[in-house]
Amino acid sequence: MGVRTANVVDGDIGETLGGLAAVIHGRREASPGESYTARLLQGPEDSLLKKIVEEAAEVVMAAKDRDHDHIRYEAGDLVYHLLVVLERYGVTLEELAGELDARHR
């Protein structure tokens, strides 16, 4: 478990995800030696996929503990790593939104 983020205020999820996705996209060509995101994008596939499993498990454990702040923290890690997966495999946020929209129509 990482150090929980202090003084969290509500934000706009669309703006936040779009901005984070843009930063992740920008790291595609960065040096893996200088950027964790670049290492995930350019490194062994299994390293990234294992992070998804790890972060999902941490969300589950935080939920089992009914720890609101810990759930939020671990969900942030999971969403970040999921965005890296989407970038690595060329799935845009717009495609993801379309997929989710199609499910509730």
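Those residues that are free of Cβ contacts under 8 Å to residues at least 24 places away in the same chain, outside any loop (DSSP other than H, G, I, E, B) and surrounded by 10 or more Cβ atoms within 10 Å (Cβ to Cβ), I need them from region 1-44; list them, please.
If the condition is that a residue be free of Cβ contacts under 8 Å to residues at least 24 places away in the same chain, outside any loop (DSSP other than H, G, I, E, B) and surrounded by 10 or more Cβ atoms within 10 Å (Cβ to Cβ), then 14, 16, 19, 22, 23, 26, 36, 38, 39, 42 are the ones that fit.
Can you confirm whether region 69-92 contains a residue that is at pLDDT 95 or above, of a type in the set (D, E, K, R), loosely packed, with under 12 Cβ neighbours inside 10 Å and on the phi < 0 side of the Ramachandran plot?
Checking region 69-92: not a single residue is at pLDDT 95 or above, of a type in the set (D, E, K, R), loosely packed, with under 12 Cβ neighbours inside 10 Å and on the phi < 0 side of the Ramachandran plot.
How many residues does region 56-68 contain that are open to solvent by less than 90 Å² (accessible area, probe 1.4 Å) and part of a helix (DSSP H, G or I)?
The qualifying residues number 7.
The values are calculated or read from the model by the stated rules, or taken from the named source; none is laboratory data. Keep in mind that this is a model prediction, so the values were computed, not measured. Neighbour counts run over all protein chains shown; Cβ positions are idealised from the backbone, glycine included. Heads up: the accessible areas ignore ligands, DNA and RNA and are worked out on the full protein's heavy atoms, side chains in. Shrake-Rupley method; radii C 1.70, N 1.55, O 1.52, S 1.80 Å.
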